[in-house]
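> Let me begin by handing over the structure; questions about it come next.
The values are calculated or read from the model by the stated rules, or taken from the named source; none is laboratory data. As the structure is a computational prediction, the values presented were derived from the model and not from experiment. A quick note on method: Cβ atoms are made from the backbone with ideal geometry, for glycine too, and the neighbour counts reach across all protein chains shown. Calculation scope for accessible area: heavy atoms of the full protein, side chains included, ligands and nucleic acids excluded. Shrake-Rupley method; radii C 1.70, N 1.55, O 1.52, S 1.80 Å.
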Amino acid sequence: MRKAEGIILRATDYGESNKIITLYTAEYGKIGLMARGAKKPRNPLASVSHVLFYGLCLFNKGRGLGTFYQAESLNAFTSIRTDIDKMGYAALIVELTERLCADGQPSSQIYQLLRGCLLDMERGIDPAFLAALFSVKMLPMAGIDPRLDRCIHCGGRSAPFSFSVSGGGLLCASCAAKDPHALPISQTIARLLLLFKQIPLDRIGNVDLKKETIHAIEQIINACYEQNAGIKLRARRFIEQMDHFRTPDKK
């Protein structure tokens with residue numbers, strides 16, 4: 001028997017009455033657990049065997065699938081669950097964690113980042129900002145470590161810069177021709193990318209960013225994951241579809 005604080009990243013129906021959940025904890029990393037009877041409405045596990053559950057969990061960790069016995073919620077994330085925008089960005093954070101983290105490899109740093117972003121989102125901090133921050137900090141888990149403090153070719157630190165996805169970082173104006181597909185970025189975005197990469201979550205606070213600034217950062221992050229790691233997130237497609245259907249005054 002193990003007891004640990006954790007967040008459920010994934011829940012899949014199994015058979016007529018069971019679910020298989022993917023739980024992430026600081027002590028044990030990502031683990032798969034069988035929640036027996038979780039599809040039955042009166043089963044105690046029915047209310048805790050879902051994505052974004054956060055609480056104290058009791059389980060048996062085996063070589064293969066362990067067994068999920070019971071759990072006590074620490075935060076129901078009510079604000080996230082009742083807001084479709086927050087839910088989309090929270091799903092992106094959870095999906096990215098599930099995709100990038102290997103089974104059974106604990107990381108207190110990643111768990112604290114995951115939990116911190118979700119709790120901050122629940123408290124009202126901009127979900128798009130938090131998802132972008134989380135995505136930048138998780139790039140090394142995908143084998144991507146872009147150079148964000150200077151030009152990747154000459155080492156120059158003078159703006160303006162562009163961002164080379166294939167080259168893995170910033171290009172100064174003198175070296176921009178080395179990648180004709182480099183994305184033009186403002187000095188503000190270059191500073192924000194470096195800030196997101198280097199500064200701990202608890203020291204950043206709530207950064208009030210314009211919609212177009214967040215969109216430009218998302219474009220760079222998405223290109224890095226898709227082109228350099230082959231990762232296309234379902235939650236990202238959902239967010240883009242929701243944004244497409246917004247009326248102009250709500251964008």
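> With respect to the numbered conditions (1) open to solvent by less than 50 Å² (accessible area, probe 1.4 Å); (2) of a type outside the set (A, V, I, L, M); (3) closer than 30 Å to Ile84 by Cβ, which one is the sole condition not fulfilled by Ser164?
Going through (1) open to solvent by less than 50 Å² (accessible area, probe 1.4 Å); (2) of a type outside the set (A, V, I, L, M); (3) closer than 30 Å to Ile84 by Cβ one by one, Ser164 breaks only (3).
> Taking the stretch 6-40 on its own, how many of its residues are of a type in the set (D, E, K, R) and either in contact with a Gly (Cβ under 7 Å, 6 or more places away or on another chain) or under 17 Å from Glu95 (Cβ atoms) (or both)?
So the count comes out to 2.
> Could you list, in sequence order, all residues of the stretch 191-239 that are among the polar types (S, T, N, Q) and either open to solvent by 90 Å² or more (accessible area, probe 1.4 Å) or over 18 Å from Leu96 (Cβ atoms) (or both)?
Gln198, Asn206, Thr213, Gln219, Gln227
> Moving on to the next point. Tell me, which residue of the stretch 124-152 that is free of Cβ contacts under 8 Å to residues at least 40 places away in the same chain and out of contact with any strand residue (DSSP E or B) (no Cβ under 7 Å at 6 or more places or on another chain) is farthest from Ala235 (Cα to Cα)?
Asp145
> Here's a follow-up. What single numbered condition from (1) modelled with pLDDT of 95 or more; (2) out of contact with any Phe, Trp or Tyr (no Cβ under 7 Å at 6 or more places or on another chain); (3) over 24 Å from Leu119 (Cα atoms); (4) not aliphatic (A, V, I, L, M) fails to hold for Glu5?
(3)
> For residues that are open to solvent by 40 Å² or more (accessible area, probe 1.4 Å) and either of a type in the set (Asp, Glu) or part of a loop (DSSP other than H, G, I, E, B) (or both), tally how many sit in the stretch 13-35.
5
> Moving on to the next point. For the stretch 168-192, which positions are hydrophobic (A, V, I, L, M, F, W, C), farther than 13 Å from Leu130 by Cα and in contact with a helix residue (DSSP H, G or I) (Cβ under 8 Å, 6 or more places away or on another chain)?
Residues satisfying the conditions are Leu170, Leu171, Ala182, Leu183, Ile185, Ile189.
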